[in-house]
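Undergrad: Can you read through this structure? Questions will come right after.
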Amino acid sequence: MPTASSGWTKIPIAGQPSPQVAILPPMGFRYTDYDVIVVGGGHAGIEAALAAARMGQKTMLITQTLDSIGRLSCNPSIGGISKGNIVREIDALGGEMGLLADATMIQYRLLNRSRGPAVQAPRVQADKFRYSLLAKQALELEPNLHVYQDTVIDLIADSRVRGVRTSRGRDIGARAVVLTTGTFMEGKIFIGEYEAPHGRLGEIAAQGLGSALRRMGFAVGRLKTGTPPRILSSTVDYSLLERQDGDPEPMPFSFSADQVDRPMVPCWLTYTSADTHRIIQENIHRSPLYSGKIQGVGPRYCPSIEDKVVRFAERERHQLFLEPEGLETEELYINGLSSSLPEEVQDSFMRTIPGLADAVVTRPSYAVEYDYMDPMQLSPDLETRRLPGLFTAGQINGTSGYEEAGGQGIIAGINAALSSRADAAGESERQHFVLSRSEAYIGVMIDDLVTLGTKEPYRMFTARAEYRLKLRHDTADERLTAKAWEIGLRRPEALDRLRKKLELRDGLTAQWDARRITTAEGSATPSLAKHIGKTCAEALRDPLVPVEDILSLEASFKSFPPAVRTAAELEIRYEHYIDAQDRRIDKLKKMDDTKIPSDFDYSGVSGLSKESMNKLKDVRPATLGQASRISGIKASDVMLLMVHLR
Ligand SMILES: Cc1cc2nc3c(=O)[nH]c(=O)nc-3n(C[C@H](O)[C@H](O)[C@H](O)COP(=O)(O)OP(=O)(O)OC[C@H]3O[C@@H](n4cnc5c(N)ncnc54)[C@H](O)[C@@H]3O)c2cc1C
């Protein structure tokens, strides 16, 4: 039965078990103020809003503070192993993160340069203030996009989401809503005994929405993360630190650029000492992590310094990197020194670190605990199964990291646009934009989240991807740019560049297939001695032949752009492995192409164990492939399902 409350009607959502209640719109409410509303101006929100607007949808991005759009809450860096691949995937799909990183980088490194191409990835230090300004400007300049400062406290919904209610009492209609609340939903920060409702230090928490989602029956939990202190550069004794420069030739993240022209600065390396560890041990009871004040689970792979000192007690020291926060600030970020100990304890252990004895702290380290939604409530296109038209992306889905957030943001934005379009046309069926595990790291991440869920902040690693060689950062454009075009994120210049790159790559490969190594060349270059008479391509399959030796054979080889040379080299060197991966991907594709209807009746499949049936009902996999990846689902269960579906 509907119940009246302050002019609003609350009813159970149709088809859902109680106690879910939706806020129904009052008389005169305009369902269609916007096609898509994105809540949150962080890394997920930026990509979601731009994608929806670029697909022609009238979009609003509502965020608590316009001046903190695109803020790098923690480390002033973008990319890294597997995360760098995600940035390039976002760029290939038509997103913004790669462009912002290129325009703000102050140090560039290709990580794992000495290891295989499957695990190499770019990482940059970014000027965090410039990053934020440019992100805000990109949103402001985007046609179809209205950026607005307010806090969303509730959703308006009937059988699907219809809009949002804000803290100033405004009700704004939309056909689809994307929530990207980051660490702000009921966020609480901790520094020793101090605790207060903030999403980041100095920024108020977003109160209300978490309770609204719980009331609507969503599974909402608590996670935590932390950030290290910032110090003044002028108070550091650099003579005691090791200098770390970036690569001399920075390369752009974005496929739309050939080079980057930016001022570069060094980072610095120092270590904790025995005294640092002693002070932490003596005060460990004052850490809210250990006193039991923080209930949320933290990121295993990014532990606080007190965690490291307790868990790895045998280690004499831990590495700390000093990273500049920008070109026009004195602040340095101390990578590796995240803590939630009281400020005076942080201050005293700082004095025990070589080079930091006189360091002046500008912002203390702190931990933040926040609401997240169990991602197993989502379909693979990031739409909540409980409330059609509602999407979630980023830290709210249990991930950690700007790149993970941005990757989900662009997928949620695209699907919100598709959902809004279908709603406007009155269509009950719509297109779903989903990337598979063999197409993108973004696909791996979302499949992991919606199939396995997460109990701790999820972070991307190369080890999570089965087809790493295919998912190399340099192939993101080949894998994704045409797909983005097909779905409506149209950038003719990106497609032209890709076509040109592939033509040039094929041209160079053809030249290497035809050109034979002469006796004179073999005698002059030791690595080519045993390849006389063979083609350049055959020689390149020998890991002991550096590509530079092949390039130096003909001036024309060197005239190809660096990205093309690398693409041709890797295609040739890894051809056999890539073929083998392609065969495995074909098998996976068959499973992923077998769709399972969303209302499929698992109780009708005889032979399924009760446990498997419950898991399948919980996850509601969209395909047989996804079903096979649910933890605890056996190959025999998948066979039963396959037979039944056929
Ligand atoms: C203290 C701290 C430490 C971190 N440590 C790490 C780390 O070590 N490694 C790592 O990879 N990542 C770390 N992160 C996480 C990283 O900052 C996030 O993963 C990333 O920023 C998530 O992006 P997002 O878009 O999901 O959310 P955020 O970047 O958090 O952005 C969310 C935005 O939404 C707005 N918002 C929230 N709720 C509402 C609402 N109801 N109405 C309107 N606006 C709203 C907020 O104001 C904010 O602008 C840390 C974050 C914090 C705060």
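Undergrad: Considering only residues of segment 394-404 that are open to solvent by less than 10 Å² (accessible area, probe 1.4 Å) and either touching a Lys or Arg at 6+ places or on another chain (Cβ under 7 Å) or near the ligand (Cβ under 7 Å from one of its atoms) (or both), which is farthest from Gly45 (Cα to Cα)? Even if it seems obvious, please write down each step before you answer.
TA: Going residue by residue through segment 394-404, those that are open to solvent by less than 10 Å² (accessible area, probe 1.4 Å) are 394, 396-399, 403-404.
After this cut, where a residue has to be either touching a Lys or Arg at 6+ places or on another chain (Cβ under 7 Å) or near the ligand (Cβ under 7 Å from one of its atoms) (or both) as well, the list is 394, 396, 399, 403-404.
Values: Gly394: 8, Ile396: 11, Thr399: 14, Glu403: 12, Glu404: 12 Å.
Filtering segment 394-404 for residues that are open to solvent by less than 10 Å² (accessible area, probe 1.4 Å) and either touching a Lys or Arg at 6+ places or on another chain (Cβ under 7 Å) or near the ligand (Cβ under 7 Å from one of its atoms) (or both), the one farthest from Gly45 (Cα to Cα) comes out as Thr399.
Undergrad: Quick check on Tyr366: is it open to solvent by 10 Å² or more (accessible area, probe 1.4 Å) and within 15 Å of the ligand (Cβ to nearest atom)? First the steps, then the outcome.
TA: On the way: open to solvent by 10 Å² or more (accessible area, probe 1.4 Å): yes; within 15 Å of the ligand (Cβ to nearest atom): yes.
It is true that Tyr366 is open to solvent by 10 Å² or more (accessible area, probe 1.4 Å) and within 15 Å of the ligand (Cβ to nearest atom).
Yes/no matrix, rows are residues, columns are (1) in contact with a helix residue (DSSP H, G or I) (Cβ under 9 Å, 6 or more places away or on another chain); (2) within 28 Å of Arg215 (Cα to Cα); (3) open to solvent by 10 Å² or more (accessible area, probe 1.4 Å); (4) part of a helix (DSSP H, G or I):
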residue	(1), (2), (3), (4)
Gly409	yes, yes, no, yes
Ile414	yes, yes, no, yes
Ser420	yes, yes, no, yes
Asp423	no, yes, yes, yes
Gly426	no, no, yes, no
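Undergrad: Find the residue count for segment 56-80, including only residues that are assigned to a loop (DSSP other than H, G, I, E, B), surrounded by 24 or more Cβ atoms within 10 Å (Cβ to Cβ) and more than 10 Å from the ligand (Cβ to nearest atom).
TA: Residues in segment 56-80 being assigned to a loop (DSSP other than H, G, I, E, B), surrounded by 24 or more Cβ atoms within 10 Å (Cβ to Cβ) and more than 10 Å from the ligand (Cβ to nearest atom): 2 in total.
Undergrad: Grab the strands (runs of 3 or more DSSP E) fully contained in segment 104-207, keeping just those with 3 or more residues being more than 14 Å from the ligand (Cβ to nearest atom) and in contact with a Ser or Thr (Cβ under 7 Å, 6 or more places away or on another chain). I'd like the intermediate steps shown before the answer.
TA: Working: elements: 105-111, 121-126, 145-149, 152-157, 161-166, 171-179, 188-191, 194-196, 198-200.
Counting at least 3 such residues, we get 121-126, 171-179.
Undergrad: Just to be sure, is Glu323 more than 15 Å from the ligand (Cβ to nearest atom) and either in contact (Cβ under 8 Å) with a residue 12 or more places away in the chain or assigned to a helix (DSSP H, G or I) (or both)? Break it down into steps so the answer makes sense when it comes.
TA: Numbers: more than 15 Å from the ligand (Cβ to nearest atom): no; either in contact (Cβ under 8 Å) with a residue 12 or more places away in the chain or assigned to a helix (DSSP H, G or I) (or both): yes.
The answer is no for Glu323.
Undergrad: When the residues of segment 488-505 are filtered to those that are in contact with a helix residue (DSSP H, G or I) (Cβ under 8 Å, 6 or more places away or on another chain) and farther than 21 Å from Phe433 by Cβ, which remaining residue is surrounded by the most Cβ atoms within 10 Å (Cβ to Cβ)?
TA: Step by step, filter segment 488-505, then rank; the result is Arg505.
Undergrad: Among the residues of segment 240-249, write down those that are open to solvent by 30 Å² or more (accessible area, probe 1.4 Å), within 18 Å of Thr352 (Cα to Cα) and in contact (Cβ under 8 Å) with a residue 40 or more places away in the chain.
TA: Selection gives Leu240 alone.
Undergrad: Considering only segment 224-243, state which residues are more than 10 Å from the ligand (Cβ to nearest atom) and either under 26 Å from the mean Cα position of the chain (by Cα) or acidic (Asp, Glu) (or both). So that I can check it myself, show each step before the final result.
TA: Of the residues in segment 224-243, the ones more than 10 Å from the ligand (Cβ to nearest atom) are 229-243.
Of everything in segment 224-243, those that are more than 10 Å from the ligand (Cβ to nearest atom) and either under 26 Å from the mean Cα position of the chain (by Cα) or acidic (Asp, Glu) (or both) turn out to be Pro229, Arg230, Asp237, Glu242.
The rows are residues; the columns are (1) within 16 Å of the ligand (Cβ to nearest atom); (2) among the basic types (Lys, Arg); (3) under 26 Å from the mean Cα position of the chain (by Cα); (4) assigned to a strand (DSSP E or B).
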position: Glu344; (1), (2), (3), (4): no, no, no, no
position: Ala357; (1), (2), (3), (4): no, no, no, no
position: Thr362; (1), (2), (3), (4): yes, no, no, yes
position: Asp371; (1), (2), (3), (4): yes, no, yes, yes
position: Arg386; (1), (2), (3), (4): no, yes, yes, no
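Undergrad: Taking interchain pairs and intrachain pairs at least six residues apart, which have beta carbon atoms under 9 angstrom, with the first residue in segment 422-433 and free of Cβ contacts under 8 Å to residues at least 12 places away in the same chain and the second of a type in the set (A, V, I, L, M, F, W, C)?
TA: Ser428/Ala422; Glu429/Ala422
Undergrad: Output the number of the condition that Ser211 fails; it satisfies all remaining conditions of (1) without any contact (Cβ under 8 Å) to a residue 40 or more places away in the chain; (2) assigned to a loop (DSSP other than H, G, I, E, B).
TA: Result: Ser211 fails condition (2) only.
Undergrad: Name every residue in segment 92-103 that is touching an Asp or Glu at 6+ places or on another chain (Cβ under 8 Å), part of a helix (DSSP H, G or I) and surrounded by 24 or more Cβ atoms within 10 Å (Cβ to Cβ), in order of residue number. Step through it out loud before you land on a result.
TA: First pass over segment 92-103, keeping only residues touching an Asp or Glu at 6+ places or on another chain (Cβ under 8 Å): 92, 95-99.
Now restrict to residues that are part of a helix (DSSP H, G or I): 92, 97-99.
Across segment 92-103, the qualifying residues are Ala92, Met97, Gly98.
Undergrad: Of the residues Ile334, Ile353, which single one is crowded, with 19+ Cβ neighbours inside 10 Å, touching a residue at least 60 places away in the same chain (Cβ under 8 Å) and outside any loop (DSSP other than H, G, I, E, B)? Walk me through it before giving the result.
TA: Details: Ile353 fails: outside any loop (DSSP other than H, G, I, E, B).
Sole residue among the options that is crowded, with 19+ Cβ neighbours inside 10 Å, touching a residue at least 60 places away in the same chain (Cβ under 8 Å) and outside any loop (DSSP other than H, G, I, E, B): Ile334.
Undergrad: Considering segment 287-311 alone, what residues qualify as being surrounded by fewer than 17 Cβ atoms within 10 Å (Cβ to Cβ) and among the basic types (Lys, Arg)?
TA: Across segment 287-311, the qualifying residues are Lys293, Arg300, Arg311.
Undergrad: Let me ask you something else. Please determine whether any residue of segment 257-278 is modelled with pLDDT of 95 or more, of a type in the set (S, T, N, Q) and in a strand (DSSP E or B).
TA: So far as segment 257-278 goes, yes, one or more of its residues are modelled with pLDDT of 95 or more, of a type in the set (S, T, N, Q) and in a strand (DSSP E or B).
Undergrad: Sticking with this structure for a sec: Which condition from (1) free of Cβ contacts under 8 Å to residues at least 60 places away in the same chain; (2) polar (S, T, N, Q); (3) touching a Phe, Trp or Tyr at 6+ places or on another chain (Cβ under 7 Å) is the one that Thr276 breaks?
TA: Evaluating Thr276 over (1) free of Cβ contacts under 8 Å to residues at least 60 places away in the same chain; (2) polar (S, T, N, Q); (3) touching a Phe, Trp or Tyr at 6+ places or on another chain (Cβ under 7 Å) leaves (1) as the failure.
Undergrad: If I ask for residues that are surrounded by fewer than 24 Cβ atoms within 10 Å (Cβ to Cβ) and either in a loop (DSSP other than H, G, I, E, B) or within 7 Å of the ligand (Cβ to nearest atom) (or both), which ones from segment 19-54 would you list?
TA: Selection gives Pro19, Gln20, Pro25, Pro26, Met27, Gly28, Phe29, Arg30, Tyr31, Thr32, Asp33.
Undergrad: Right, something else. Please work out if Gly84 is buried (at least 20 other Cβ atoms within 10 Å of the Cβ), assigned to a loop (DSSP other than H, G, I, E, B) and either without any contact (Cβ under 8 Å) to a residue 60 or more places away in the chain or more than 11 Å from the ligand (Cβ to nearest atom) (or both). Talk me through it step by step, then tell me what you get.
TA: On the way: buried (at least 20 other Cβ atoms within 10 Å of the Cβ): yes; assigned to a loop (DSSP other than H, G, I, E, B): no; either without any contact (Cβ under 8 Å) to a residue 60 or more places away in the chain or more than 11 Å from the ligand (Cβ to nearest atom) (or both): yes.
Answer is no for this residue.
Undergrad: Is it true that some residue in segment 622-629 is among the basic types (Lys, Arg), modelled with pLDDT of 85 or more and farther than 30 Å from Lys500 by Cα? Give the steps one after another, and end with the answer.
TA: As a first pass, look at segment 622-629 and keep what is among the basic types (Lys, Arg): 629.
The next check asks that each one be modelled with pLDDT of 85 or more; those that pass are 629.
From what is left, the residues that are farther than 30 Å from Lys500 by Cα are 629.
Taking every residue of segment 622-629 in turn, at least one turns out to be among the basic types (Lys, Arg), modelled with pLDDT of 85 or more and farther than 30 Å from Lys500 by Cα.
Undergrad: Mind counting the residues in segment 488-508 that are under 15 Å from Gly95 (Cα atoms) and more than 21 Å from the chain's Cα centre (by Cα)?
TA: Of the residues in segment 488-508, the ones under 15 Å from Gly95 (Cα atoms) are 488-495.
From the residues that got through so far, the ones that are more than 21 Å from the chain's Cα centre (by Cα) too are 488, 490-495.
Number satisfying all stated conditions: 7.
Undergrad: Can you tell me which residue among Lys595, Lys617 is in contact with a Phe, Trp or Tyr (Cβ under 7 Å, 6 or more places away or on another chain) and of a type in the set (D, E, K, R)? Even if it seems obvious, please write down each step before you answer.
TA: Details: Lys595 fails: in contact with a Phe, Trp or Tyr (Cβ under 7 Å, 6 or more places away or on another chain).
Being in contact with a Phe, Trp or Tyr (Cβ under 7 Å, 6 or more places away or on another chain) and of a type in the set (D, E, K, R) holds for just one of Lys595, Lys617, which is Lys617.
Undergrad: While we're here: Only one of these conditions is not met by Gly221: (1) of a type in the set (Gly, Ala, Ser); (2) under 30 Å from Glu195 (Cβ atoms); (3) open to solvent by 40 Å² or more (accessible area, probe 1.4 Å). Which number is it?
TA: Only one criterion is unmet by Gly221, namely (3).
Undergrad: A further question on this structure: What is the one condition in (1) surrounded by 13 or more Cβ atoms within 10 Å (Cβ to Cβ); (2) under 30 Å from Ile414 (Cβ atoms); (3) not hydrophobic (A, V, I, L, M, F, W, C) that Ser527 does not satisfy?
TA: Of everything listed in (1) surrounded by 13 or more Cβ atoms within 10 Å (Cβ to Cβ); (2) under 30 Å from Ile414 (Cβ atoms); (3) not hydrophobic (A, V, I, L, M, F, W, C), Ser527 misses just condition (2).
The values are calculated or read from the model by the stated rules, or taken from the named source; none is laboratory data. Quantities reported herein were computed from a predicted structural model and do not represent experimental measurements. In this analysis, Cβ positions are derived from the backbone assuming ideal geometry, glycine residues included, and neighbour counts consider all displayed protein chains. Accessible surface is based on the protein model in full, side chains and every heavy atom, while ligands, DNA and RNA are left aside. Shrake-Rupley method; radii C 1.70, N 1.55, O 1.52, S 1.80 Å.
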